[in-house]
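The values are calculated or read from the model by the stated rules, or taken from the named source; none is laboratory data. As the structure is a computational prediction, the values presented were derived from the model and not from experiment. Positions of Cβ are backbone-derived with ideal geometry, glycine not excepted, and every protein chain shown enters the neighbour counts. Protein only, heavy atoms only, side chains kept; ligands, DNA and RNA dropped before computing areas. Shrake-Rupley method; radii C 1.70, N 1.55, O 1.52, S 1.80 Å.
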Amino acid sequence: MTFAEVQNGIDLEVDYMTRYTDGLLLSQIFWVNQTQALHTYVREILPQVRPGATVLEVGPGHGLFLALAAERPGSSVVGWDVSASSLANTSWALERMGVDSPRLVHQNLHDAGTDEQFDFVVASELLEHVDAPETALRRLRDLTRPGGKLFINIPVNSPAPDHINLWRSPDEIWAFIRDGGLRILTTDVFPMTGYTVEQAGKNQSTLSCALVCEPV
């Protein structure tokens, strides 16, 4: 499957993306694996976002990661998305959260240059949605300045109509990340609500894999 096929099969206009973004935010609250992945970001990334730091999130969705980064004093925060409709909903969500500092840009990651780099790059539940995930991962790596950090959250065993890529185990994720030219600093694996990691692995149920990486 390709991103174009997803677009043809699912109406990505404002009404759909509003429902989709609302669903993402609700899952962030009610699905324990999503909540724990967010806690990893709060614990591992946000304390390092000091005055003058630059933060990029690709595919900001419900805007919560952007909003939390924007609360860090003196930070400069930007969100990119290939979908203008999705960005409109991110903007709406940020407005409701009382956050107006993140800059939102209509930008395809695959078309982005690498002349601009950021101290922190966030890609939470992005890579399962993109064409050529290996190329996208390397682009994320190149957007992370030397000494910077990249936060990645990818689900395994999570087939969905808009998921182009499907990984079957955390080990597949770790190998994918290392092959993309990144050094893994921390890993966390969180099972879906009601499961242990062992049960989810045995039943091929969804696991969220949250990582902090740096360019090699």
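Which residue is farthest from Arg141 (Cα to Cα), if the candidates are limited to the stretch 151-191 and must be under 16 Å from the mean Cα position of the chain (by Cα) and charged (D, E, K, R)?
Filtering first and then ranking leaves Asp162.
Which residue pairs have Cβ atoms closer than 7 Å, lie 6 or more positions apart in sequence or on different chains, and pair a first residue in the stretch 106-133 that is of a type in the set (S, T, N, Q) with a second residue that is at pLDDT below 95 and open to solvent by 40 Å² or more (accessible area, probe 1.4 Å)?
Asn108/Val82
If you take the residues of the stretch 161-176 that are of a type in the set (D, E, K, R) and not in a helix (DSSP H, G or I), which of them is surrounded by the most Cβ atoms within 10 Å (Cβ to Cβ)?
The selected residue is Asp162.
Condition test on Gln199, is it closer than 26 Å to Thr54 by Cα, open to solvent by 20 Å² or more (accessible area, probe 1.4 Å), touching a strand residue (DSSP E or B) at 6+ places or on another chain (Cβ under 8 Å) and among the polar types (S, T, N, Q)?
No.
If a residue has to be closer than 20 Å to Leu38 by Cβ, in a helix (DSSP H, G or I) and touching a Pro at 6+ places or on another chain (Cβ under 9 Å) to count, how many in the stretch 107-148 make the cut?
2
Condition test on Ala84, is it touching a strand residue (DSSP E or B) at 6+ places or on another chain (Cβ under 6 Å), open to solvent by 10 Å² or more (accessible area, probe 1.4 Å) and over 22 Å from Arg43 (Cα atoms)?
yes
Which of the following residues is more than 24 Å from Gln36 (Cα to Cα) and within 15 Å of the chain's Cα centre (by Cα): Ser91, Ser101, Ser83, Ser76?
Answer to the selection: Ser83.
Report yes if Leu46 is closer than 21 Å to Cys209 by Cβ, surrounded by fewer than 19 Cβ atoms within 10 Å (Cβ to Cβ) and not acidic (Asp, Glu), otherwise no.
Against the criterion (closer than 21 Å to Cys209 by Cβ, surrounded by fewer than 19 Cβ atoms within 10 Å (Cβ to Cβ) and not acidic (Asp, Glu)), Leu46 qualifies.
Kindly provide the set of residues from the stretch 140-160 that are at pLDDT 95 or above and open to solvent by 30 Å² or more (accessible area, probe 1.4 Å), ordered by number.
Within the stretch 140-160, Arg141, Asp142, Arg145, Pro146, Gly147, Lys149 meet the criteria.
Which condition number does Val130 fail, the rest of (1) in contact with a strand residue (DSSP E or B) (Cβ under 8 Å, 6 or more places away or on another chain); (2) under 21 Å from Leu66 (Cβ atoms) being met?
(1)
Tell me, yes or no, whether the stretch 119-127 has at least one residue that is open to solvent by less than 30 Å² (accessible area, probe 1.4 Å) and touching a Lys or Arg at 6+ places or on another chain (Cβ under 7 Å).
yes
Which of the numbered conditions does Asp179 fail, given that it passes all the others? Conditions: (1) open to solvent by less than 40 Å² (accessible area, probe 1.4 Å); (2) at pLDDT 95 or above.
(1)
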